[in-house]
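The values are calculated or read from the model by the stated rules, or taken from the named source; none is laboratory data. Note that the structure is predicted; figures quoted are calculated from it, not measured. Positions of Cβ are backbone-derived with ideal geometry, glycine not excepted, and every protein chain shown enters the neighbour counts.
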Amino acid sequence: MAFNMKPAWLNKKISLRDCADVKTLLKGLRLNTVCEEALCPNMGECFARRQVTFIILGTVCTRSCRFCGVAKGLPLPPDADEPRRIAQAVEALGLTYVVITSVTRDDLPDGGGAAFAETIRSLRRISREIMIETLIPDFNVNEESLRIVADAQPDVIAHNIETVARLYKKVRPGGASYAGSLEVLRKLKKLAPNIPLKSGLMLGLEETRQEVYAVFDDLVKAGCSYLSIGQYLAPSNNHVSVKEYISPEIFDQYKEEAIARGFRYVKSAPYVRSSYLAAEYQDNSCQDILSPI
């Protein structure tokens, strides 16, 4: 198959009409979402469901990962009022489950850990019932930065492994490492043993099935309970290219194998992304029982 021609199962379109009112609210509050910045194909569906993944600390990343559509360069200083505006948006949209993520900010001493914590506190001030998931960068594996986030007590902490060990330097040159991402999860498990940990994996980058299974085992050993598995789609011709389109049936097989290897809940399908339908991980954890094979 020519990789400029997507298969039939990759035909999702973004409806701008479904996005319009949410986009207008976010623009008025000067807030950003990873849905928009990373060109997520699920944006129309999620915005129509009133599901938003906020991206804090600006829209410019200090890393140069070759899979990501977020802008790279020198970011602006943090906006101290951003947590309050996010809480305002959450209240206006009536959200009960909120995902907060960020660009990587290697320019900040704590990598942005304090901004995550203040955003969590701002949300808790409007309601103790809102469930909060933080999707964090690696903070250069700084334990104090991880502690700041853990001490703020989000309901889920996510950190994406992204790809298999062999492909890490190709996909994530400069700063990130496979071992470092696993160490982030291990440190979080030690700092906050009662907070579920989540990770995400992209497929279609020439990984082998055994390499994917090895990632499953490594994540479970690191203390990870939840996993998202989705198809990598290149944001542009300047990004690392897609090597294979994985069929929905193969994604189903990966889900079964991941559950069998110890995950509590897994979403695995071509359009799955790390924060896609994020509330369902908590709602369905330990209920996703497989039929005997």
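Below is a table of values for the structure above.
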quantity	calculated
Unique residue being of a type in the set (A, V, I, L, M, F, W, C) and modelled with pLDDT of 95 or more when the list is 278, 234, 258	258
Test: residue in segment 56-72 that is in contact with a strand residue (DSSP E or B) (Cβ under 7 Å, 6 or more places away or on another chain) and modelled with pLDDT of 95 or more	yes
Qualifying residue in segment 125-135 (condition: buried (at least 19 other Cβ atoms within 10 Å of the Cβ) and basic (Lys, Arg))	no
Matching residues, segment 42-55, being at pLDDT below 80, part of a loop (DSSP other than H, G, I, E, B) and surrounded by 19 or more Cβ atoms within 10 Å (Cβ to Cβ)	42
Entirely in segment 189-293, the helices (runs of 4 or more DSSP H) that have 2 or more residues that are in contact (Cβ under 8 Å) with a residue 40 or more places away in the chain, touching a strand residue (DSSP E or B) at 6+ places or on another chain (Cβ under 8 Å) and surrounded by 21 or more Cβ atoms within 10 Å (Cβ to Cβ)	209-221, 248-260
Any hit, segment 97-105, residues being more than 25 Å from residue 183 (Cβ to Cβ), of a type outside the set (Phe, Trp, Tyr) and either in contact (Cβ under 8 Å) with a residue 12 or more places away in the chain or assigned to a loop (DSSP other than H, G, I, E, B) (or both)	yes
Some residue of segment 129-148 being within 23 Å of residue 37 (Cα to Cα) and among the aromatic types (Phe, Trp, Tyr)	yes
Test result for residue 28, free of Cβ contacts under 8 Å to residues at least 24 places away in the same chain and of a type in the set (Gly, Ala, Ser)	yes
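One line per residue, one yes/no per condition, for (1) acidic (Asp, Glu); (2) in contact with a helix residue (DSSP H, G or I) (Cβ under 8 Å, 6 or more places away or on another chain):
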residue: 243; (1), (2): no, no
residue: 247; (1), (2): no, no
residue: 251; (1), (2): no, no
residue: 254; (1), (2): no, yes
residue: 257; (1), (2): yes, yes
residue: 262; (1), (2): no, yes
residue: 269; (1), (2): no, yes
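Yes/no per residue for (1) buried (at least 19 other Cβ atoms within 10 Å of the Cβ); (2) touching a helix residue (DSSP H, G or I) at 6+ places or on another chain (Cβ under 8 Å); (3) at pLDDT below 75:
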{"position": "7", "(1), (2), (3)": "no, no, no"}
{"position": "15", "(1), (2), (3)": "no, yes, yes"}
{"position": "22", "(1), (2), (3)": "yes, yes, no"}
{"position": "25", "(1), (2), (3)": "no, yes, no"}
{"position": "28", "(1), (2), (3)": "no, no, no"}
{"position": "34", "(1), (2), (3)": "yes, no, no"}
{"position": "39", "(1), (2), (3)": "no, no, yes"}
